[in-house]
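> I have a structure I would like to understand better, so I am pasting it below and will then ask my questions one at a time.
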Amino acid sequence: MTAFTPVLPELTAGYLRTGLHQVKGWLNVSTAVYLSGVEAAQRGAGVSGDVAEIGIHHGKSFLCLALDLPADQRAVAIDVFDDQAANLDQSGRGDRDIFEQNLATYGAGDNVDIVQSSSLDLEQAGFVAAGRRFRIFSIDGGHTDQITVNDLRIAERTVVDHGLVVLDDVLNRHWLGVITGLFSYLGDGGSLVPAVLVPNKLILATSTDQAKHCRAMFAEQFPDGLEKADVPLAGHQIDVYGDRPWLVRGEDGRSEPVTGHELMATITAARLAELEQQLRSTRAELDTTHRQLDRTRRQLDATRQQLRTAAQPLYRRAARRLPWLARPVRPVLRRVRAVVRRSR
Ligand SMILES: C[S@@+](CC[C@H](N)C(=O)[O-])C[C@H]1O[C@@H](n2cnc3c(N)ncnc32)[C@H](O)[C@@H]1O
């Protein structure tokens, strides 16, 4: 079933439709749709604040948050970039030049702030002391348990009341530091509350009430995406949203798919296989009908032949014995023969 995104602003819709598959990185297409949709919905609802991401690589997910921002909002990109020695678990490899090219290509304004730093050094650098100011905080930097706890704590202390924190790779079996860190953070009294799981990312809110609010917002924005509601997680209830073949609706009134979305390709292939199967069985039915038709024709020919053979001696005998009777019968027989010939 095709799913429709909420109506998205021009640059965001364009990036999802044709830009997303060009930018290298790690981001499920449906998750890109959820991130962009949440950003736009939150802004539309008048939640003020900036957006931030730790762990940029080339900006694939950052661009979902940073396009079409009003002039008074900032998008903050945090990555070790060239200082890859600080990338302790080699998760991705930030490249500032490529990132900046992508910002320019997809139309991010000059309200992007780039912070080249390990997230482990942010607190010392006064990042937290600057106060609560983010409405969306995406965490996708180092994937060890210590870094995950560190980044969740930074997000917790810098998001606004209606803000959301997005934690990447929470169920990625190659990066189990993330889930270990999440449970340490929650177990140690972290105040963020899990609300929604999208493919590969967990979205947390600032309180139980805000988590409910977030779930309601998802239900409203993505009615086609809900897979399972009220799933228990660490003492909370979350809603799980799935992978869908999205049609991206833009303010231009068009609904277009995401270029190269594999899920869409799979569905098309499945539909093609279904049609091929239908074609094969229709052909087989047609062959059977042809064979039946041939058999009926042959039976008809044989019956005609039998009739002719049976009629000839009768006619001859009648002609011999009753010539006066045979004479008027002759034209009738001729007409019968002509009809039989025409019907072949
Ligand atoms: C998995 S990649 C990010 C993927 C990206 N969000 C995307 O959409 O493709 C992880 C990034 O985090 C950066 N990184 C790793 N450890 C970090 C740390 N401690 N602080 C900040 N950035 C870090 C890496 O340089 C890399 O660019």
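> When Lys and Arg each count +1 and Asp and Glu each count -1, what net charge do the other residues less than 11 Å away from Val7, Cβ to Cβ, add up to?
Net charge in that neighbourhood comes out at -1.
> Take Arg249 and Asp113, extend 7 Å from each Cα along the Cα→Cβ direction, and tell me the distance between the two endpoints in nm.
It works out to 3.5 nm between the two label points.
> Mind computing the radius of gyration and Dmax over the alpha-carbon atoms of segment 273-342? Å is fine for both.
When restricted to Cα atoms, segment 273-342 yields Rg and Dmax of 22.0, 73 Å.
> Same structure, new question: Just want the ordering: Thr259, Thr288, Thr144, Thr12, from fewest to most Cβ atoms lying within 10 Å of their own Cβ.
The fewest-first ordering by Cβ neighbours comes to Thr288, Thr259, Thr144, Thr12.
> Where does helix 177-187 land angle-wise versus the long Cα axis of the chain, in degrees 0 to 90, nearest 10?
60
> Same structure, new question: Could you work out how far apart the two model spin labels at Phe4 and Ala234 are, taking each label as a point 7 Å from the Cα in the direction of the beta carbon, and quote it in nm?
3.6
> Provide Rg over Rh for segment 106-264; use the alpha carbon set for both Rg and the Kirkwood Rh (inverse mean inverse pair distance).
Reported Rg/Rh, Kirkwood definition of Rh: 0.98.
> Next question, about the same structure. In terms of Cα to Cα distance under 21 Å, which lysines are near enough to Lys228, apart from those fewer than 8 places away along the same chain?
Excluding near neighbours in sequence, the set is Lys201, Lys212.
> On to the next question. Using Cα-Cα distances under 8 Å and only pairs 6 or more residues apart, what relative contact order does the chain have, in percent?
This gives 18 percent for the chain.
> Please find the FRET efficiency linking Ala85 to Glu227, where r is the Cβ-Cβ separation and R0 is fixed at 30 Å, and quote it to the nearest 0.05.
The pair Ala85/Glu227 has a calculated efficiency of 0.15.
> Continuing with the same structure: In nanometres, what is the gap between the two model label sites at Asn172 and Ser281, each 7 Å from Cα along Cα-to-Cβ?
According to this spin-label approximation, the distance is 4.3 nm.
> Kindly provide the helix-only [θ] at 222 nm of the chain, computed as the sum of -39,500 (n - 2.57) over DSSP H runs of four or more divided by all residues, to the nearest 500 deg cm²/dmol?
Helices in the chain give a 222 nm mean residue ellipticity of -15500 deg cm²/dmol.
> Rounded to the nearest 0.05, what FRET efficiency is calculated for Ala318 and Arg291 with R0 set to 41 Å and r the Cβ-Cβ distance?
0.50
> Further question: With the Cα gyration tensor of segment 3-130 in hand, convert its eigenvalues to equivalent ellipsoid semi-axes via √(5λ) and list them largest first in whole Å.
For segment 3-130, the semi-axes come out at 24, 18, 13 Å.
> Can you tell me the orientation of helix 29-44 relative to the chain, as the angle in degrees between its alpha-carbon axis and the longest Cα principal axis, to the nearest 10?
60
> Tell me the angle of helix 262-321 to the major Cα principal axis of the chain, expressed in degrees between 0 and 90 and rounded to the nearest ten.
Tilt of helix 262-321: around 0 degrees.
> Next question. Taking one equal scatterer on every alpha-carbon of the chain, how large is log10 of I(q)/I(0) by Debye at q = 0.07, 0.10, 0.11, 0.15 1/Å?
Debye output, listed in q order: -0.40, -0.64, -0.74, -1.23.
Computed from the coordinates by the stated procedures, all read-outs in this text should not be read as laboratory data. Since the model is a prediction, treat every value here as computed from it, not as a measurement. Glycine also receives a Cβ, built like all others from the backbone with ideal geometry; neighbour counts cover every protein chain displayed.
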